[in-house]
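Engineer: Dropping a structure here in structure tokens format, bear with me for questions.
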Amino acid sequence: MNKIRNIKGTKDLLPDETFIWQEIEEKIHHFNQQFGYKEIRTPAFEESDLFKRGVGSETDIVNKEMYSWIDQGGNNLTLKPELTAPVTRAYIQHELGKSNPINKLYYIDALFRRERPQKGRQRQFHQFGVEVFGSEFPEQDAEIIIMGFTFLQSLGLDDINLEINTIGSKSIRGTYITVLQDLLSKYKHDFSAIDQQRLDKNPLRLFDSKDPKCKEIINETAPTIYNYVSEDDKLHFDKICSILNDSGIQYTHDQKLVRGLDYYTRTTFEIKSSSLGSQDALCGGGRYDELVEQLGGSSTPAVGFAAGIERIIISLGNQIQQDHKSIDIFMIFIGDDALNAGINLANNIRKKCNLSVVTETLRRSMRSQMREANRLNVNHSIIIGEDEIKSNTAIIKNMKNGEQINMDIDKIISYFIKE
Ligand code: HAM
């Protein structure tokens with residue numbers, strides 16, 4: 001019979017790699033706690049309209065990459081391709097702004113985009129991200145940029161580069177878009193069908209085009225959006241830069257950085273790694289002051305970022321330590337009665353001594369069980385055979401120096417508490 005395999009672009013995380021994920025996840029929780037951010041979890045799927053209205057229907061994510069379907073009840077649903085829109089939906093729905101003027105949230109989650117799989121690009125992938133609702137001020141942008149950058153540094157990544165820009169508030173967007181359309185319309189016939197559509201409907205998205213011809217025209221012809229932003233936008237941007245300077249965070253001002261999602265206003269930023277190849281963005285984010293209102297809430301400034309966990313792990317490469325979480329005790333049983341007594345003893349040791357105990361469930365010979373204890377590299381094995389059952393004792397073997405002692409079962413807990 002044919003074996004069923006996982007879907008292209010998805011990945012099983014096997015036991016010899018999940019420890020890396022656990023370590024990174026623990027660090028994310030600890031790091032966010034240090035900054036006073038609280039975790040939010042949202043459902044795996046949402047109404048498709050949330051992403052069309054939130055992320056923008058001309059973006060690659062919505063236009064080409066969403067996993068959407070109509071369910072048995074006729075609802076148009078989508079597996080979440082990103083989390084800013086769902087978290088904003090939850091913020092509005094649960095009126096989080098009412099109880100607190102500032103909400104600093106973070107998440108670790110799985111996302112789904114039907115992109116062409118390659119190194120660092122999957123169809124199901126994972127992000128760690130933060131979203132902050134309530135502050136319009138540049139110190140909030142600076143805080144999250146510093147978080148993203150120092151988190152990656154704290155993992156040991158030192159080949160990372162921060163690029164930042166401001167694309168201004170929505171009020172200047174109209175002027176810039178008219179200028180772009182005027183300048184680029186004469187090249188319209190050199191563009192692919194999708195880029196022609198972008199030129200008409202949302203020319204900012206031409207910056208995401210992967211078509212070399214379009215890229216060349218944009219590079220040579222398009223003015224940068226930074227030249228059109230207002231004095232207020234520039235002041236906001238300059239304050240972020242001055243905080244980054246004083247915090248010793250190096251960055252480049254990339255005047256072309258617009259990012260591929262429609263909700264951004266003012267700040268945009270990305271952190272890239274030179275060890276990643278073509279999919280080099282580890283982290284991306286920015287300000288989105290109009291999204292809450294656009295999704296039906298009251299006007300609330302917001303800013304956030306998300307970092308791809310698979311890409312972080314690829315960049316860490318062989319810096320990742322071997323799994324060092326070890327097992328303390330292996331419980332060896334010989335015989336049916338020993339099995340019951342041993343399982344009970346193992347449960348008590350776990351509960352009262354806070355140690356990890358692995359018990360035998362294959363009914364192997366004494367020799368094979370001892371070999372298993374060695375393979376697990378445990379500190380002690382506890383052996384219970386028929387003789388021990390008769391005398392209500394067990395043998396404790398120190399696996400590091402080979403010493404063995406025979407002890408009443410009732411005294412074993414206090415022995416390991418003292419150890
Ligand atoms: P994004 O740039 O689409 O932004 O994704 C953020 C990060 O997720 C990327 O820099 C990359 O590391 C990772 N990523 C994206 N697509 C894939 C993929 N197919 N496979 C593996 N990793 C991937 C957002 O998602 C925004 N919601 C970020 C944000 C939060 N902006 C404001 N708040």
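Engineer: Taking only Cα atoms, what is the 0 to 90° angle, nearest 10, from helix 15-35's long axis to the longest principal axis of the chain?
Structural biologist: 60
Engineer: Given H placed 1.01 Å from N in the peptide plane, which residues other than close sequence neighbours of K256 have an amide H under 5 Å from its amide H?
Structural biologist: Counting only residues 5 or more places away or on other chains, the set is empty.
Engineer: Across the range 18-147, how large is the tail of the calculated P(r) beyond 26 Å, expressed as a percent of all Cα pairs?
Structural biologist: Of the Cα pairs, 30 percent sit more than 26 Å apart.
Engineer: Between the range 171-238 and the range 83-146, how far is it from one alpha carbon centroid to the other, in angstrom?
Structural biologist: 26
Engineer: I would also like to ask the following. Which trypsin sites (Lys or Arg not before Pro) does the range 217-301 hold that lie in a coil by DSSP with at most 16 other beta carbons within 10 Å?
Structural biologist: Hits after loop and neighbour filter: K256.
Engineer: A further question on this structure: Per residue of the chain, what 222 nm ellipticity follows from adding -39500 (n - 2.57) for every DSSP H run with n ≥ 4, rounded to the nearest 500?
Structural biologist: -11500 deg cm²/dmol
Engineer: Can you run phi through the Karplus equation (6.51, -1.76, 1.60; θ = phi - 60°) for the range 198-212 and list ³J(HN,Hα) in whole Hz, with x for Gly and Pro?
Structural biologist: These are the phi-based 3J(HN,Hα) values: 4, 4, 6, 9, 7, x, 4, 6, 4, 5, 8, 4, 9, 6, x Hz.
Engineer: While we're looking at this one, here's another question. PRE reach from E136 (point 7 Å along Cα→Cβ): which of the range 231-249 fall under 16 Å by backbone N?
Structural biologist: 231-237
Engineer: Placing +1 on the Cβ of each Lys and Arg and -1 on the Cβ of each Asp and Glu in the range 329-418, which of L376, I334, N344 has its Cα farthest towards the positive end of the resulting dipole?
Structural biologist: L376
Engineer: A follow-up question, please. Among K188/K234; K213/K239; K11/K325, which pairs are too far apart, with a Cα-Cα distance over 30 Å?
Structural biologist: Check vs 30 Å cut-off fails for K188/K234; K213/K239.
Engineer: When only alpha-carbon atoms count, how far does the chain stretch along each of its three principal axes, as whole angstroms with the largest first?
Structural biologist: Here the spans come out as 93, 57, 43 Å, largest first.
Engineer: Another question about this same structure. Whole Å is fine, so just give me how far the alpha carbon centre of the range 1-43 lies from that of the range 305-361.
Structural biologist: What the calculation gives is 19 Å, centre to centre.
Engineer: Extending each Cα 7 Å along its Cβ direction at H30 and S278, get the distance between those two points in nm, one decimal.
Structural biologist: 3.7
Engineer: Let me ask you something else. Starting from the Kirkwood radius over alpha-carbon pairs of the range 294-419, derive D by Stokes-Einstein at 37 °C in a medium of 0.692 mPa s and give it in µm² s⁻¹.
Structural biologist: 188
Engineer: May I pose another question? Just to be sure I understand: of the beta bridges DSSP finds with both ends in the chain, what percent are antiparallel, rounded to 5?
Structural biologist: DSSP beta bridges in the chain are roughly 80 percent antiparallel.
Throughout, read-outs are computed from the coordinates displayed, never taken from laboratory work. Predicted, not measured: the structure shown is a model, and the values here were computed from it. Glycine also receives a Cβ, built like all others from the backbone with ideal geometry; neighbour counts cover every protein chain displayed.
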